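All remarks here apply to the structure that follows.
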Amino acid sequence: MPQKYVVCDPDKCLGCGICEFVCPAVKEKRIDPSLSRIRGINFEPVASMAIACLLCERPLCVEACPRKALRKDESGIIRVDEDSCNGCHWCISACNFGAIAWHQTKGVVMICDLCDGDPECIKLCPFEALSLATIEEVPHKFRKGAVEKLLRQPVSTAAEN
């Protein structure tokens, strides 16, 4: 079964940052967006979206770690061995998606673990911009959304022009 990861629909995301507060509240018991494993990106005024680990089939972050502090478990989630991580940032540099965060207090990296299968950021997103999807589902999901958006647009006729 293909791995699902947190996907953000930029048409629904307003850049509120709630996901960046929910994550550390659950994981760290602190309200500090710098400790979030999901990152909001704002392309003002065009769009906003959030990025979390894409759980790559062959994760470059795992391969890049010289201390073997990262491993992909049987469920596909990238796990961090905090005792082995020395903070070299090689995994952060290797991730093409900017999905690995730095825990400044602990001096280790942080990666989304999907809240062990029930992501709180998805449940608490007020705009339902976040969902779980496979890499195969994402293009279909966005194409479907684009078609639905087009169908809601008023149709102009040649007579109106």
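Listing for the model above:
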| read-out | value |
| --- | --- |
| Fully extended contour minus Cα-Cα distance, from Arg152 to Ala64, at 0.36 nm per residue | 27.1 nm |
| The chain, relative contact order in percent, only Cα pairs under 8 angstrom and at least six apart counted | 28 percent |
| Out-of-range pairs (alpha-carbon distance over 20 Å; input Lys29/Lys123; Lys12/Lys123; Lys68/Lys106; Lys4/Lys106; Lys72/Lys123) | Lys4/Lys106; Lys72/Lys123 |
| Value of [θ]222 nm, deg cm²/dmol, for the chain, DSSP H segments ≥ 4, -39500 (n - 2.57) each, nearest 500 | -7000 deg cm²/dmol |
| Ratio of Rg to Rh over region 4-136 (Cα coordinates, Kirkwood Rh, two decimals) | 0.95 |
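Quick note: the coordinates plus some simple rules give every number you see, no bench work behind them. It should be emphasised that the depicted structure is a prediction, and the values quoted were computed from it without experimental measurement.
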